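Below: one structure, written as structure tokens.
The values are calculated or read from the model by the stated rules, or taken from the named source; none is laboratory data. Just so it is clear, the model here is predicted, and its values are computed rather than measured. Cβ sites come from the backbone with ideal geometry, for glycine too, and all protein chains shown count toward neighbours.
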Amino acid sequence: MSGQARFVLVVVAVLLVMAAVWTWLPPSDESQAAIEEALVAYESLDTVVWPPDLYDDPTLTPQQQEALVATREDAWRDVAEGDALTRALQQDPRLVRRAAAERRRSPHAGFATGAGGDVAVFDFRRRTFGGEILVRAVVVGWVEKGSWSMRAGELVDVHRDEAAGGPVLTYTLRQHGDVWRVVGADAPDGPPYFYDAETGEYGTGP
């Protein structure tokens with residue numbers, strides 16, 4: 001083998017080693033914070049937040065429902081893409097219709113006025129050569145609720161319902177500049193499936 005061929009082989013071997021090391025290189029603190037923010041935003045959109053200008057209205061007309069769906073679709077596109085976005089856009093009209101039906105049946109019951117959460121578990125898994133990153137994480141969510149008082153003309157009984165824990169999911173995310181979007185959110189192949197935020201323990205269900 002010529003010296004030039006050996007040099008090429010050495011360069012290729014070095015590049016392969018560097019690529020292998022890169023796939024296991026965890027994100028920086030700044031990137032992790034951005035990823036966690038994306039995960040919380042993605043999971044929070046499972047809650048239909050009632051439009052503030054309609055707090056006093058227990059019904060949503062078909063046109064108002066369409067407007068709410070359109071607003072949420074824009075929000076989904078900010079935090080998801082690929083299969084995750086496709087699934088979200090398919091289920092979102094159903095979420096809005098269900099929330100509207102529940103409010104119509106019980107006009108004085110509490111309804112969601114906000115949603116959020118915290119990443120209780122963040123476990124970096126690996127990077128892919130396609131520019132994606134895989135993390136196993138748990139988002140423990142909360143929903144702010146309130147009721148509209150016709151007598152007082154304002155929102156009353158505002159409180160926050162916090163989840164006891166959250167499912168363990170493997171998230172795939174893709175980076176676009178400083179923005180991360182969820183591409184997939186899948187249950188792991190085996191247990192644990194659920195994280196108890198109070199005890200810090202894992203289990204197979206809440």
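Please find, among A100, A70, A109, A80, the residue that is in contact (Cβ under 8 Å) with a residue 24 or more places away in the chain, within 20 Å of A41 (Cβ to Cβ) and of a type outside the set (D, E, K, R). Step through it out loud before you land on a result.
Working: A100 fails: within 20 Å of A41 (Cβ to Cβ); A70 fails: in contact (Cβ under 8 Å) with a residue 24 or more places away in the chain; A109 fails: within 20 Å of A41 (Cβ to Cβ).
The match here is A80.
Return yes when D118 is at pLDDT 95 or above and charged (D, E, K, R) and no when it is not. First the steps, then the outcome.
Details: at pLDDT 95 or above: yes; charged (D, E, K, R): yes.
Yes.
Those residues that are of a type in the set (K, R) and either touching a residue at least 40 places away in the same chain (Cβ under 8 Å) or under 24 Å from E30 (Cα atoms) (or both), I need them from segment 147-206; list them, please.
Start the filter on segment 147-206 by keeping residues that are of a type in the set (K, R), which leaves 151, 160, 174, 181.
R174, R181, listed by residue number.
Going by the conditions given, is A84 in a helix (DSSP H, G or I), under 21 Å from A163 (Cβ atoms) and not aromatic (F, W, Y)?
Numbers: in a helix (DSSP H, G or I): yes; under 21 Å from A163 (Cβ atoms): yes; not aromatic (F, W, Y): yes.
Considered against the rule, which asks whether it is in a helix (DSSP H, G or I), under 21 Å from A163 (Cβ atoms) and not aromatic (F, W, Y), A84 comes out as yes.
Kindly indicate the residue of segment 21-39 that is closer than 21 Å to A80 by Cα and among the acidic types (D, E) and also modelled with the lowest pLDDT among those meeting that condition.
E30
Scan segment 115-154 for residues that are more than 18 Å from G166 (Cα to Cα), surrounded by 13 or more Cβ atoms within 10 Å (Cβ to Cβ) and touching a helix residue (DSSP H, G or I) at 6+ places or on another chain (Cβ under 9 Å) and report the count.
3
Here are G114, G141: which of them is touching a strand residue (DSSP E or B) at 6+ places or on another chain (Cβ under 9 Å) and closer than 16 Å to L54 by Cβ? Don't jump to the end; show me each part of the working.
Working: G141 fails: closer than 16 Å to L54 by Cβ.
Answer to the selection: G114.
Does A112 meet the test of being among the aliphatic types (A, V, I, L, M), within 30 Å of P26 (Cα to Cα) and modelled with pLDDT of 95 or more? Outline the logic, then answer.
On the way: among the aliphatic types (A, V, I, L, M): yes; within 30 Å of P26 (Cα to Cα): no; modelled with pLDDT of 95 or more: yes.
So A112 does not fit the description; no.
I'm checking my understanding of the structure. Among residues of segment 27-79 that are among the charged types (D, E, K, R), farther than 30 Å from V168 by Cβ and not in a loop (DSSP other than H, G, I, E, B), which one is nearest to the chain's Cα centre (by Cα)?
Filtering segment 27-79 for residues among the charged types (D, E, K, R) gives 29-30, 36-37, 43, 46, 53, 56-57, 66, 72-74, 77-78.
The next check asks that each one be farther than 30 Å from V168 by Cβ; those that pass are 53, 56-57, 66.
When the remaining residues are screened for being not in a loop (DSSP other than H, G, I, E, B), the result is 53, 66.
Numbers: D53: 26, E66: 23 Å.
Going through the qualifying residues, I end up with E66.
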